[in-house]
Amino acid sequence: MENQNFTKTFAVDQSPEEVFNAVNNVRGWWSEDIEGSTDKLNAEFLYHYKDIHVCNIKIVEFIPGKKVVWLVLNNYFNFTKDKTEWKDTKIVFEISRRGNQTQLHFTHVGLVPQYECYGVCRDAWSSYVNNSLRSLVTTGKGQPNPKGEEDPINAEVVRKWKLE
């Protein structure tokens, strides 16, 4: 059986270091509503989007210019039966040179078609990686979710998982 983990790959003219720095600027391409550090080994951060999605992530691998791996410690979706579907999955960013370009290979290990969130998550990751992250790398400006007002459901989940 072939690998069913969700993947996306793109190549750019920028250096591996520039791609690596953009990946770690999570507020610049995924969401401005990130709490915690996103640019060092063993750091933890909290992502939240309205009342729809909240997750606590730990950086478990951090090799400058080459690789970043996030481990999803906890997850909440408001639109799936299993609210914790992403829990214990890994989000992997692998950076390499391909000829005169830098390639970013993104894999969400554990995000598979059997997940109820797969279609929504596939579309969201496709947009964040291929559009927002690529734009941050190539132009210096991504299209992250803007920092917004809290809503009561999300605020409760955020309070529960808030980083110390």
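Bear in mind that the values in this text are calculations on the coordinates, not laboratory data. Model, not experiment: these values are computed from the prediction. No Cβ is skipped: glycine too gets one built from the backbone with ideal geometry, and neighbour counts run over all protein chains shown.
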(message) Sort Tyr128, Tyr76 by Cβ crowding within 10 Å, fewest neighbours at the top.
(response) Tyr128, Tyr76
(message) Under the rule a/c < 1.5 gives rounded, and otherwise a/b versus b/c splits prolate from oblate, where does the range 1-65 land using the Cα gyration tensor?
(response) oblate
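Sort 91-97, 67-73 by the packing proxy (mean of other Cβ within 10 Å over each peptide's residues), most packed first.
Working: 91-97: 17.7, 67-73: 19.4.
Going from most to least packed, we get 67-73, 91-97.
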(request) Tell me what the chain gives for mean residue ellipticity at 222 nm when only DSSP H runs of n ≥ 4 count, each as -39,500 (n - 2.57), the sum divided by the residue total, rounded to 500 deg cm²/dmol. (result) -6500 deg cm²/dmol
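How would you rank Asp123, Asp33, going from fewest to most other Cβ atoms within 10 Å of each one's own Cβ?
Details: Asp123 10, Asp33 20.
In increasing order of surrounding Cβ atoms, one gets Asp123, Asp33.
Can you sort Thr139, Thr84, Thr7, Thr107 so the residue with the fewest Cβ neighbours within 10 Å comes first?
By the 10 Å Cβ count, ascending: Thr139, Thr84, Thr7, Thr107.
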(request) Find which of Tyr76, Gly65, Asn21 sits farthest along the positive direction of the dipole of the range 17-92, computed with +1 on the beta-carbon of Lys and Arg, -1 on that of Asp and Glu, about the Cα centre. (result) Tyr76
(request) With everything on Cα atoms, drop me the angle between helix 118-127 and the longest principal axis of the chain, reported from 0 to 90° to the nearest 10. (result) 50
